[in-house]
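The structure appears right after this line, and notes come after that.
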Amino acid sequence: MQNYLDFRNNINFDTLIQPANVIKSGGIVVFPTETVYGIGANGLNENAVKRLYEVKQRPFNKPISLLVNSIDMINEIAKDITELEYDLMRKFFPGPLTIILKKKDIVPNIVTANSNTVGVRMPANETALKLIEYAGVPIATPSANISGKPSATNLKEVMGNFGEEVDYYIDGGTSKIGIASTIVQVIDEVPHILRQGSISKEEIMNL
């Protein structure tokens, strides 16, 4: 398969330039994270995100989180970030936590389902982080499954779902954690858990 990288046994980050260019040019890439496999597109490109919704068969009223590789990238897409929100990110990024922040206008409304907030995550997976770095943009990334179906933890499942509708596949073996990230939103200086993942409410409240 031409647009396929096998990172199960031999990882060469230089080869990620190819799928990163696919992201830059508006294409769709499946790649591993520590939670489950993600299916991603340029999070700042409205047309690319629209295609992502269509390929995944995801309702347009369900927002998509953005994966980033640095606090600097977060500052480009989010505003009015509180000290508690920075503390949560410093403690749990990179890792299986998605935090809901106020979005800047640079983030297309299609990503956030017309909301003024955006989910942000920094994955604890070197392949994913390098892909974001080479693409130079936050990657809009839901889990790599048809909407409503179980999340995929290996590439064979993903390819069975999407086939040639995806422009590039990166195989990183079986996902380490296997369940989606915890989602947290800080409201009036209190963290609220919107979805429970591998990071517990106790860990967040202890912070």
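Number of residues in segment 158-207 that are assigned to a loop (DSSP other than H, G, I, E, B), free of Cβ contacts under 8 Å to residues at least 60 places away in the same chain and acidic (Asp, Glu) equals 1.
Scanning segment 61-87 for residues that are surrounded by fewer than 21 Cβ atoms within 10 Å (Cβ to Cβ) and either outside any helix (DSSP H, G or I) or touching a strand residue (DSSP E or B) at 6+ places or on another chain (Cβ under 6 Å) (or both) yields Asn61, Lys62, Ser70, Lys79, Asp80, Ile81, Thr82, Leu84. Residue pairs whose Cβ atoms lie under 8 Å apart, sitting 6 or more positions apart in sequence or on different chains, and linking a residue in segment 110-135 that is at negative phi and among the aromatic types (Phe, Trp, Tyr) to a partner that is in a helix (DSSP H, G or I) and modelled with pLDDT of 95 or more, are Tyr134/Leu16; Tyr134/Ile17; Tyr134/Ala20.
Rundown of residues vs (1) surrounded by fewer than 23 Cβ atoms within 10 Å (Cβ to Cβ); (2) modelled with pLDDT of 95 or more, yes/no style:
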{"position": "Leu131", "(1), (2)": "no, yes"}
{"position": "Thr141", "(1), (2)": "no, yes"}
{"position": "Lys149", "(1), (2)": "yes, no"}
{"position": "Asn161", "(1), (2)": "yes, no"}
{"position": "Glu164", "(1), (2)": "yes, no"}
{"position": "Asp167", "(1), (2)": "yes, yes"}
{"position": "Ile179", "(1), (2)": "yes, no"}
{"position": "Ile183", "(1), (2)": "yes, yes"}
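Which residue out of Lys50, Lys91, Lys102 is surrounded by fewer than 24 Cβ atoms within 10 Å (Cβ to Cβ), in a strand (DSSP E or B) and not small (Gly, Ala, Ser)?
Only one candidate qualifies: Lys102.
Between Val107, Val120, Val55, the distinction of being within 25 Å of Glu165 (Cβ to Cβ), of a type in the set (A, V, I, L, M, F, W, C), out of contact with any Cys (no Cβ under 9 Å at 6 or more places or on another chain) and not in a helix (DSSP H, G or I) belongs to Val107 only.
The values are calculated or read from the model by the stated rules, or taken from the named source; none is laboratory data. From a predicted model like this one, the values you see are computed outputs, not experimental measurements. Don't worry about glycine lacking a Cβ; one is built from the backbone with ideal geometry, like all the others, and counts go over all protein chains shown.
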